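The values are calculated or read from the model by the stated rules, or taken from the named source; none is laboratory data. Keep in mind it's a predicted model, so treat the numbers as computed, not measured. No Cβ is skipped: glycine too gets one built from the backbone with ideal geometry, and neighbour counts run over all protein chains shown. For the accessible areas, the whole protein counts, side chains as well, though only heavy atoms, and no ligand, DNA or RNA atoms are used. Shrake-Rupley method; radii C 1.70, N 1.55, O 1.52, S 1.80 Å.
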Amino acid sequence: MAATTGLTEVVLYDTLVNYLVSMARTVEGAMNRALDAIVSLENPRTSVLPGEVFLLEPRINEMEIVIDEHAIRLLRRGSFCDDEMRLIVAALKITNDLERIGDLAVNLAECVVSLREMQGAQVPEELAPMASAVRAMVSKSLGALIFRNVEMATQVLESDDVVDQYRDRIFEKLLQHMTQEPTLVGPGMQFILATRHLERIADHATNIAEDIIFWVRGLDVRHGRGIAVHHGDTDPADSFSAGNSAITENSHALHSDVTPACETERA
């Protein structure tokens, strides 16, 4: 019985978590390429990035299937301690959110392809900081996964409103520009779709952070339960920028000794 328990623990923590981290890094790589392509739309060096995102999608889908099958095999083994069971449940949910982030990266790449064919496509001023905020959320959620770090996961939850504010600001400005200049309707609609995809990526990063808190602490913090939110007169977007002067470009900066760097061609 002891040998079986020991084997179960090894499988859970050395295999399941490693599968999750590997999938998360691949998803992060696809997302970073899509973000680089959309914020550096006119840079010729980023023109190949959408194609790289498309090539990564089948790998991400296959990883989701492998992790789900592995988690199901573990469930068939029988009894687990609470921590092990929470990990399996969280893993099944996290893989779904990671797969959706991969899909949204593909959607962003498709927007880039369309925008490159349009005349007068100008990247909205606040799209780059919005992309940086989303990038940091995904990076921190992956760091929280690797280190079982509840504090880092909580930071992800607190950043979600910032991304929503960027989305609203960009939408309002784009709507105003499209109303004044009909020729900007095409590019404007693509950028609105892009901000929607970014906002959804942030939502999935939030879901992952919530699942990590559940795994580590056994707390259900969905829909704001158990998370203290501080309200004030300071603009959350300004606070985010001030408190993150060196925004993480990818999770390698958080744990370079654990996982290899994500190689994306920076503009």
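Whenever you get a sec, line up Leu55, Leu104, Leu175 from highest to lowest accessible area (probe 1.4 Å, protein heavy atoms). Can you show the working numbers first?
Numbers: Leu55 135, Leu104 5, Leu175 80 Å².
Solvent-accessible surface, decreasing: Leu55, Leu175, Leu104.
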- Query: Per-residue HN-Hα couplings for region 95-102, Karplus 6.51 cos²θ - 1.76 cosθ + 1.60 at θ = phi - 60°, whole Hz, x for Gly and Pro?
  - Reply: 4, 5, 5, 5, 4, 5, 4, x
- Item | Local net charge near His197, Cβ-Cβ under 12 Å (Lys/Arg +1, Asp/Glu -1) | 0
